[in-house]
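A short worksheet on the structure shown next.
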Amino acid sequence: MTAGALALVTALLGTVVAAPGAAAGPPTVASGAGPLSGLPGAESPGTLGGSDSAGASADACPGGWSTEATVWFGPPRIDTGIPNPGRDDGCTLLDVVWQEEPFATHGEFVATVARATREFGDLGLLDAREAAAIRSAAARSDVGGPADDSVPNTCTDRVALTFDDGPSFYRSRTLEILREKQVTATFFDVGMRIDANPRLPAFERREGHLVLNHTYEHPNLNQVTVPRLRTEMRTTEEALDRAGVERPFAGMRPPFLAANAQVRAELERLGFTVVSGDIDAADWLPDRPAEQLRADVAAGIADGRRNIFLHDGPIDTVAGPELMKALPLIIDDIRAAGLCFGTFDSTGAIVADRYVSSGEPIPSVVNAVPYLPLLFGGGTPPEPYRIITPTPVTPAATTTAATAVNAASDSPAATGVSSRSLGTGAASDACPNGWSPEETVWFGPPRVDTGIRNPQGPDGCTLLDRIWEREPFATHGAFVSAARAAADAFAEAGLLSGPDRDRVVAAAARTHVGGPRDTSVPNTCDRRLAIQFDDGPSHYRTETLRILRDKQVTGVFMDTGTRVAANPQFARFQLAEGHELLNHTHSHANLNQVLAAEGPDGVRREILAAEAAFAAAGAPISFQGIRPPFGAANAQVLQIIADMGYTAYMTRIGTDDWVPERTPQQISDALVAQLRPGAIISLHDGPYDTPAGPGTNGALALLIDAARELGYCFGTVDRHGDVVADRLIPSNLPIPVVENPVPYAPLVFPGEPPEPYVILD
């Protein structure tokens, strides 16, 4: 969080609605003041990321107009078709013009345009014909005159308002609100819904909104083959073309924000800009009240995040009405805080735009809106709708293109391609979120590792999947028999050599599995989760590790380099205990801000310094995986991360456990309400800039127990961003405690962390 967010978050404590299932009274907001009251308007950068790292810190017009835009004015919209010229200081012609708004008269506006064209002409950035055309367009507009009712939209801190999954029944109301509030939005629309109601996306574009690709059937792109990914993108582009939607660039947002390094590389090869999102209000939950959505967006803005992703009739839930209540309030809150709105350019940066209505009547749904099978019971979407049967994520046929991707290297780790996700050629994955084929075959307790790569069959199931699917084992002999039968089957299929088959059976025989000394908790299911802890290790890590040991759950620790260096005993213990150790930067830096201030080398330094801290502790990171602090990673940062060989873990479910007043039950309930197979649950270990902590540890045991009662089991993450099977075999080493002061950033809530601690600049 920024220091300037303190007043905001303090105010929010009275407005945050309790998580689903937790008792809470109605939120209170002072008359005339929204949750963002008191937030400094120019506190943080105005874009999700700069368009160019070189000179980003010297941009005299942050959050300004893109040079990819043409020069246009309105109302009414008059477009010259002339590219918007930019000066060396980062300011464009449109920036220079609009920074003078509001205009007292139309003549004042025309005079401002005339001065700007002369200046840019003197710089050699406009010729005489272009300058005359621009002045003529300004003169023909109504800007500054009595017919101009525009809302000013010039600032240095800009927010993007985006909507996924549409167009649905709720799109008409969304467009009405945006017209009333004069806000330009970005719609990431789904191909099958575009085809069902093409008048809506066509109108969106004429209204001045940006309409981009969200795939055709909304699959998780990490789970599909390369040919299927290409088909999803192509068919959606064709649907947009049929609807008559013009796009200034090829842009897309992956469903669920799920795009590992291989998916991103393929999308880039196809020419797409991947636009992520960093403020998720979980508006796809049907029981999420409007005031909670409003408060969640406010909290994200306070954290310095600027890319709000909402949903238009989510494609697999009945949500929608509460967002319609919250949306005008969210817009008002953002403007009251001194922020303004924008869209995106082809780099994924948030850039300036203006809303000028087309004046046309807003269309509504005519044909049935396609939905995937609904995830929540207790309701149906508005009519007309239809539930479709989605195409399986892994088609039976493997084409030459998919084979070529996997043939690039014998090692999946070398290519970044998981054989569980892209181009396996399997008819379907019979063991979703099962054991990774990159794992070695091992059993326990006690842990006996064969060192043999875990072979995978054509159905997506590995040897370890086939062995553990039979648990619980009545006897040790039953376990050894199961291991022998599975090893024999893989050997007969040519997936395991004779000597390796013998080593697998011998290792099974040397364990206690199924015997009287086996106290393992069964951990096989097809609804697997992973639990991730950011920011540590802190004072609370000792209790976290005790709970995980008691519950036999593997943790994924995204630790900061400063804290690893302060108390390296935790990293060594976690490695020995069987947990995952991954990167959360060295100083918990917002990498978007590091990029703007220090360029790409600054981002790399943060990542490599944390990696070095783990190595110095004698506990190297498990593999090159990172979660950027605050989830802040624009397109350029994500590319830097990928170029370093890292996987960025962006998609997760979480709650505000970093707020000290959140109770264990509230935290647990909020997370349980979001559970879905393959989800990564995000928690915090002594958050880096708040005195929170007890609530998270109190919630951890509740969460694990509640998830197991719902049929979930637990695993870890692999290098491709997928949740995979694992088993925790405790090391029996004593759990360490804090020995040296725990580093914190300046706190954004009142209170103090447990001693010993130190506040860093």
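The values are calculated or read from the model by the stated rules, or taken from the named source; none is laboratory data. What you see is a predicted model, and the numbers here were worked out from it, not measured in a lab. Note: ideal-geometry Cβ built from the backbone for every residue, glycine included; neighbour counts use all protein chains shown.
General observations
- Restricting attention to the stretch 205-247 and to residues that are among the basic types (Lys, Arg) and in contact (Cβ under 8 Å) with a residue 24 or more places away in the chain, the residue that is farthest from residue 373 (Cα to Cα) turns out to be 206.
- On the stretch given as the stretch 560-592, residues that are free of Cβ contacts under 8 Å to residues at least 60 places away in the same chain and within 25 Å of residue 634 (Cα to Cα) total 7.
- Filter result (closer than 19 Å to residue 129 by Cα and either assigned to a loop (DSSP other than H, G, I, E, B) or among the aromatic types (Phe, Trp, Tyr) (or both)) within the stretch 73-86: 73, 84, 85
- Residues satisfying the criterion are absent from the stretch 606-613 (criterion: part of a helix (DSSP H, G or I) and modelled with pLDDT under 95).
- Residue within the stretch 102-110 that is at pLDDT 95 or above and among the charged types (D, E, K, R) present: yes
- Test: residue in the stretch 304-321 that is part of a helix (DSSP H, G or I), at pLDDT below 95 and under 19 Å from residue 657 (Cβ atoms): no
- Residues of the stretch 461-481 classified as modelled with pLDDT under 95 and among the aliphatic types (A, V, I, L, M), total: 3
- Counting the residues of the stretch 333-356 that are more than 20 Å from residue 276 (Cα to Cα), in contact with a Leu (Cβ under 6 Å, 6 or more places away or on another chain) and of a type in the set (Ser, Thr, Tyr) gives 0.
- Lone unmet requirement of (1) at pLDDT 95 or above; (2) of a type in the set (A, V, I, L, M); (3) in contact with a strand residue (DSSP E or B) (Cβ under 9 Å, 6 or more places away or on another chain); (4) assigned by TED's automatic domain parsing to the domain that holds residue 67 for residue 132: (3)
- Residues of the stretch 336-357 include at least one that is in contact (Cβ under 8 Å) with a residue 24 or more places away in the chain and part of a helix (DSSP H, G or I).
- Residue 687 being surrounded by fewer than 21 Cβ atoms within 10 Å (Cβ to Cβ), closer than 22 Å to residue 536 by Cα and not aromatic (Phe, Trp, Tyr): no
Table: residues versus (1) among the hydroxyl-bearing types (Ser, Thr, Tyr); (2) at pLDDT 95 or above; (3) closer than 22 Å to residue 567 by Cβ.
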{"site": "659", "(1), (2), (3)": "no, no, no"}
{"site": "720", "(1), (2), (3)": "no, no, no"}
{"site": "724", "(1), (2), (3)": "no, yes, no"}
{"site": "730", "(1), (2), (3)": "no, no, yes"}
{"site": "743", "(1), (2), (3)": "no, yes, yes"}
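- Single condition residue 97 does not satisfy, out of (1) buried (at least 18 other Cβ atoms within 10 Å of the Cβ); (2) not in a helix (DSSP H, G or I): (2)
- Any hit, the stretch 733-740, residues being β-branched (Val, Ile, Thr), more than 15 Å from residue 552 (Cα to Cα) and at pLDDT 95 or above: yes
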